[in-house]
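Engineer: Below is the structure I would like to discuss, written out as structure tokens.
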Amino acid sequence: MAEKQLSEEQLTRDEAADRLRALADELEGDGSAQVQTGNKTTELRPPATIAYEVGIRERSSILRGGRETVTIKMDWKPANVSEESAESEEE
């Protein structure tokens with residue numbers, strides 16, 4: 001079963017940077033990561049290595065004006081809970 005959470009809002013540059021830092025803090029290190037989308041928090045289990053992709057799109061339109069988009073995509077197969085426990089015990 002696939003479940004998708006999406007949150008979209010207008011933020012200041014500083015607020016957007018704070019959100020990215022919070023996500024980075026959750027991804028750093030070992031164990032699960034708590035990620036908030038809107039009013040829901042989801043627990044993710046990233047492994048030690050994840051796929052990371054950044055895309056940049058620049059569009060110019062006479063009628064609607066220019067637009068720049070940055071898309072960040074990260075994906076992985078969730079770490080097994082038993083693998084995380086074994087890694088924690090080894091440390």
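The values are calculated or read from the model by the stated rules, or taken from the named source; none is laboratory data. Given the structure is predicted, the values throughout are model-derived calculations rather than measurements. Cβ sites come from the backbone with ideal geometry, for glycine too, and all protein chains shown count toward neighbours. The protein model used for the area step is the full one, side chains on, heavy atoms only, and it has no ligands, DNA or RNA in it. Shrake-Rupley method; radii C 1.70, N 1.55, O 1.52, S 1.80 Å.
Engineer: Just for the range 64-83: of the residues that are in contact (Cβ under 8 Å) with a residue 24 or more places away in the chain and in a strand (DSSP E or B), which one is surrounded by the fewest Cβ atoms within 10 Å (Cβ to Cβ)?
Structural biologist: Residue satisfying both the conditions and the ranking: D75.
Engineer: Just for the range 19-36: of the residues that are surrounded by 12 or more Cβ atoms within 10 Å (Cβ to Cβ) and of a type in the set (D, E), which one is nearest to N80 (Cα to Cα)?
Structural biologist: Within the range 19-36, the match that is nearest to N80 (Cα to Cα) is D30.
Engineer: Looking only at the range 54-63, filter to residues that are hydrophobic (A, V, I, L, M, F, W, C) and touching a strand residue (DSSP E or B) at 6+ places or on another chain (Cβ under 7 Å); which one of those is least open to solvent (accessible area, probe 1.4 Å)?
Structural biologist: Within the range 54-63, the subset hydrophobic (A, V, I, L, M, F, W, C) is 54, 56, 62-63.
If we keep only those that are touching a strand residue (DSSP E or B) at 6+ places or on another chain (Cβ under 7 Å) as well, we get 54, 56.
Numbers: V54: 78, I56: 116 Å².
Looking at the filtered set, the residue picked out is V54.
Engineer: Would you mind finding the one in G31, G38 that is in contact (Cβ under 8 Å) with a residue 40 or more places away in the chain and at positive phi?
Structural biologist: On the way: G38 fails: in contact (Cβ under 8 Å) with a residue 40 or more places away in the chain.
Checking each option against the conditions leaves just G31.
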